[in-house]
Amino acid sequence: MKYKLFTFDLETTGVIPSKNHIWQLAYRMYVNKELVEENNLKFAPVSLDDHNPKAIEMSGLELEEMAALPISAAQAFAELKADLDHYVDPYNKNDKFIIAGYNVHFDEAFLRAFFNHMGNKWYGAYFWSGRICALTLAQVILKESRHLMPNFQLSTVAARLGFDVDESKAHDGLYDLTMTEHILRKTSVLPKL
């Protein structure tokens, strides 16, 4: 069986997966540490009814712009599922992706909720339980200098590990994913470029 890794970052309309929704999903798929797929989906969320105004402000979009994104949540899900189906046999219980991200429990909760909102109960057919968290791995690497850092936000950690951070791009899913992967490379989860 091959080592399969799904790295991802997403942007949402708030922080509660049961009532807020994804509007951007950036992901990369690796098979045996080789990049095989990349996607950056920006789409109208399932609902904006219970959005958090701060989350919308961080997106850089107006609420109306987000609602008018040309791809629907259903179309984005179909694209994600097609990519997953290309690399995973959902009927083979030994063929799944390991997920990885920064503070990944947050993103995973939203990804699971996205499957549910789309009427798909088969999240576990594509992803192993457990996850690789770049935040936790960075904590190990930076344990001797953690007290010198003002916070442990993604951009702060990435900068501390040598990534040239452009704060104007922070909170874009694809840019955040690139910073996350920098950390994953520093911890040997991904090969160095």
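The values are calculated or read from the model by the stated rules, or taken from the named source; none is laboratory data. Just so it is clear, the structure is predicted and the values come from calculations on it, not from any experiment. For neighbour counting, all protein chains shown are included, and Cβ atoms are generated from backbone atoms with ideal geometry for every residue, glycine included. Keep in mind that these areas ignore ligands, DNA and RNA; they rest on the heavy atoms of the full protein, side chains included. Shrake-Rupley method; radii C 1.70, N 1.55, O 1.52, S 1.80 Å.
For the stretch 160-183, the tally of residues that are open to solvent by less than 70 Å² (accessible area, probe 1.4 Å), assigned to a helix (DSSP H, G or I) and either at pLDDT below 95 or of a type outside the set (A, V, I, L, M) (or both) stands at 7.
The residue of the stretch 66-76 that is most open to solvent (accessible area, probe 1.4 Å), among those that are farther than 27 Å from residue 153 by Cα and assigned to a helix (DSSP H, G or I), is 75.
Somewhere in the stretch 28-37, is a residue touching a Phe, Trp or Tyr at 6+ places or on another chain (Cβ under 7 Å) and buried (at least 20 other Cβ atoms within 10 Å of the Cβ)? Yes, because at least one residue in the stretch 28-37 is touching a Phe, Trp or Tyr at 6+ places or on another chain (Cβ under 7 Å) and buried (at least 20 other Cβ atoms within 10 Å of the Cβ).
Please specify each residue of the stretch 27-48 satisfying the condition of being touching a residue at least 24 places away in the same chain (Cβ under 8 Å) and farther than 15 Å from residue 84 by Cβ. Write out each step before concluding.
So in the stretch 27-48, the residues touching a residue at least 24 places away in the same chain (Cβ under 8 Å) come out as 27-33, 36-37, 39-48.
Scanning the stretch 27-48 gives 32, 33, 40, 42, 43, 44, 45, 46, 47, 48.
Consider the stretch 49-65 and keep the residues that are open to solvent by less than 60 Å² (accessible area, probe 1.4 Å) and assigned to a helix (DSSP H, G or I). The one that is nearest to residue 169 (Cα to Cα) is 59. The number of residues in the stretch 1-27 being assigned to a loop (DSSP other than H, G, I, E, B) and either farther than 15 Å from residue 117 by Cα or open to solvent by less than 10 Å² (accessible area, probe 1.4 Å) (or both) comes to 7.
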